Amino acid sequence: MHRAGCYLILAAALGFAAASAANAQAPPGPIPPPAHIQEPPKGAVRVTVDWVSTPVTVRNSKGELELSLGEKDFRVVQDGVEQKIEHFDVGGDPLSIVIVVENSSRVDPLLPAVRATGIIFSQDVMPGDVQAAIVSYDDTPNLVQAFTPSGDAIERAMNHLPGGLSGAALFDALSRGVDMLSRQPRERRRVILALAEPVDTGSETRLGEVLRAAQLENVAIYSAGLSTTAAELRAEARQNPSAYPPGISPMPGPPGIPQTPSTMQIENTSADLGAAAVWAIQHVKDKVKDNFLELAAAATGGEHLSAFKDRTIERVVSQIAGELHAEYTIGYRPEAGNEPGFHRISVTVDRPGMKVHARPGYYLE
């Protein structure tokens, strides 16, 4: 078992706990691995971190995005030690984004709505200093569009997204996106926006490995969660037109495929994440609803929004696009931040009534 993968889900759990008690003083030092998880072999190569960048979204008491804050309003604490902010920006930093989009036959009835998001990416995401790429996936990830500053190129690629096979290698596709973003200049914000089901079948990459790499490479994962149930209902509607008048429909029966995987499915699919992952899932399942995409967003400081009906996919993508151009970016060089374990990050704002959303931290071997 690769120990690096074990704790990324644990990182999400700890991040939720930190977010719910943002003003509480964190204990000094990184959170060590549980005693029952073995240490890596002596002499193993350890990863070090010399720069941490975190996107920060702030909302006021009305739930509106708060854009009037300055650097002096923020406080960043890592492992109980306040950090010196060396970079601060709101909405203006160059952005590199990989759009990870599922085109498997599982969501085939939703593909017209997915393709229609091309114009949203072109108009709402691409303005400014933005480089975007597209990775589609079914059984395997496929590079549809390399990094480009052209909104028209992104729109065309989305408009012509082909249908795929029945597999859903979500983790492999996310891993491909993280690897592509790791090669972008450090000063650029790094974001994955996934249009996908919260389901993985057959990936060679482990979820923990993806999230660990995303944390270390300062990649935030956002997602518009597609619904297999919605796709199934849409397909049934096409095959069996309703006899009910427009606007009136019978109560749907139990969906044939669950929208999100159960705790048991996650444990089975990601069993190689180890005991720590299972422990974390069991302790945070009421908050993350056993959803891979929610876990990925929680672990990296992104956001997950569910698009249960295909008519909401465009709205969800538009909302995420708006937040990407309205978030703060904070960068710092961590002091004594290279010890093994989970390094917890807490970002607070010195104004009452503000709700702060940021990445929970990062894990090192």
- Selected residue [in a helix (DSSP H, G or I), in contact with a Phe, Trp or Tyr (Cβ under 7 Å, 6 or more places away or on another chain) and either of a type in the set (D, E, K, R) or modelled with pLDDT under 90 (or both)] from Ala237, Ala230: Ala230
- Query: Taking segment 165-186 as the search range and keeping residues that are part of a loop (DSSP other than H, G, I, E, B), at pLDDT 95 or above and not hydrophobic (A, V, I, L, M, F, W, C), which one is surrounded by the most Cβ atoms within 10 Å (Cβ to Cβ)?
  - Reply: Gln184
- Note on the structure: Within segment 63-92, the count of residues that are part of a loop (DSSP other than H, G, I, E, B) and surrounded by fewer than 20 Cβ atoms within 10 Å (Cβ to Cβ) comes to 12
- Message: For segment 162-187, which positions are over 22 Å from the mean Cα position of the chain (by Cα) and either under 18 Å from Thr117 (Cβ atoms) or not assigned by TED's automatic domain parsing to the domain that holds Ser104 (or both)?
- Response: Pro162, Gly163, Gly164
- Query: Do we have Pro198 as touching a Phe, Trp or Tyr at 6+ places or on another chain (Cβ under 8 Å) and either free of Cβ contacts under 8 Å to residues at least 24 places away in the same chain or part of a loop (DSSP other than H, G, I, E, B) (or both) here?
  - Reply: yes
- Yes/no for Asn60 being buried (at least 21 other Cβ atoms within 10 Å of the Cβ), in contact (Cβ under 8 Å) with a residue 12 or more places away in the chain and in contact with an Asp or Glu (Cβ under 7 Å, 6 or more places away or on another chain): no
- Message: If Leu161 satisfies all but one of (1) of a type in the set (A, V, I, L, M); (2) assigned to a loop (DSSP other than H, G, I, E, B); (3) modelled with pLDDT under 95, what's the number of the condition it fails?
- Response: (3)
- Quickly run through segment 146-168 and pick out the residues that are free of Cβ contacts under 8 Å to residues at least 40 places away in the same chain and either farther than 26 Å from Arg183 by Cβ or of a type outside the set (D, E, K, R) (or both). Ala146, Thr148, Pro149, Ser150, Gly151, Ala153, Ala157
- Item | Filter result for Gly151 (of a type outside the set (A, V, I, L, M, F, W, C), surrounded by fewer than 21 Cβ atoms within 10 Å (Cβ to Cβ) and at positive phi) | no
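The values are calculated or read from the model by the stated rules, or taken from the named source; none is laboratory data. Keep in mind that this is a model prediction, so the values were computed, not measured. Cβ coordinates were reconstructed from backbone atoms using ideal geometry, including for glycine residues, and neighbour counts include every protein chain displayed.
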